[in-house]
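In what follows, a single structure is set out as structure tokens and then discussed.
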Amino acid sequence: MALPLALVGQLAAGLVNGPVARLLEAHVSDQELRRKLAAELEQQVMAHLARSTELGAGIVMAEIKSEHWLTRSWRPLLMLMLMGFLLIVGLLLPLAELVAGAPLKFEPRWQLLPPGFWEFLGIGVGGYIGGRSLEKVAGLVFPAVTAARAGRR
């Protein structure tokens with residue numbers, strides 16, 4: 001999932017100004033050297049997080065450009081299945097009970113699901129949403145980058 005640049009900056013600054021700063025204070029007595037190390041560490045963390053974001057965008061772009069329909073379509077298919085599930089359980093079954101005038105013999109057995117199922121589902125849906133956002137941003141950003149690179153050559 002892609003993080004906004006401002007959030008990445010806050011995360012890097014929080015790491016460097018928090019636990020890393022305490023480590024530097026404990027082990028480096030020269031204040032100027034400590035400041036330089038903190039700045040270098042913050043820059044390295046920012047570079048690493050930026051590279052991770054680029055790699056994530058590259059994965060999404062590879063999926064988009066894939067020849068295989070399943071590779072291109074797994075995210076929308078997952079969302080359609082989840083939405084179908086929610087529609088059946090949250091809308092169709094209550095409507096059927098309303099029309100029938102009595103509760104249906106449907107008892108969801110949520111307790112039978114493995115303990116980490118809802119967390120996994122939350123991460124999956126978050127990844128889907130983040131991936132779709134990356135797709136849209138990549139479609140806007142990458143053509144401009146490609147045109148800029150072509151102009152420099």
Points 7 angstrom from Cα along the Cβ direction at residue 39 and residue 55: gap in nanometres?
2.8 nm
Could you put 65, 105 in order, starting from the residue whose Cβ has the fewest other Cβ atoms within 10 Å?
105, 65
What is the order of 35, 75, 109, fewest Cβ neighbours within 10 Å to most?
109, 35, 75
Given axes a ≥ b ≥ c from the Cα gyration tensor, I'd like to know whether region 1-128 is rounded (a/c under 1.5), prolate (a/b larger than b/c) or oblate.
prolate
Please report the Cα spread of region 26-99 along all three principal axes, rounded to whole Å, starting with the longest.
77, 38, 13
With each label point set 7 Å from Cα along the Cα-Cβ vector, what nm distance links residue 109 and residue 93?
1.3 nm
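Readers should treat all values here as calculations from the given coordinates under stated rules, not as data from a laboratory. Keep in mind it's a predicted model, so treat the numbers as computed, not measured. Please note: Cβ atoms are built from the backbone with ideal geometry, for glycine as well, and neighbour counts cover all protein chains shown.
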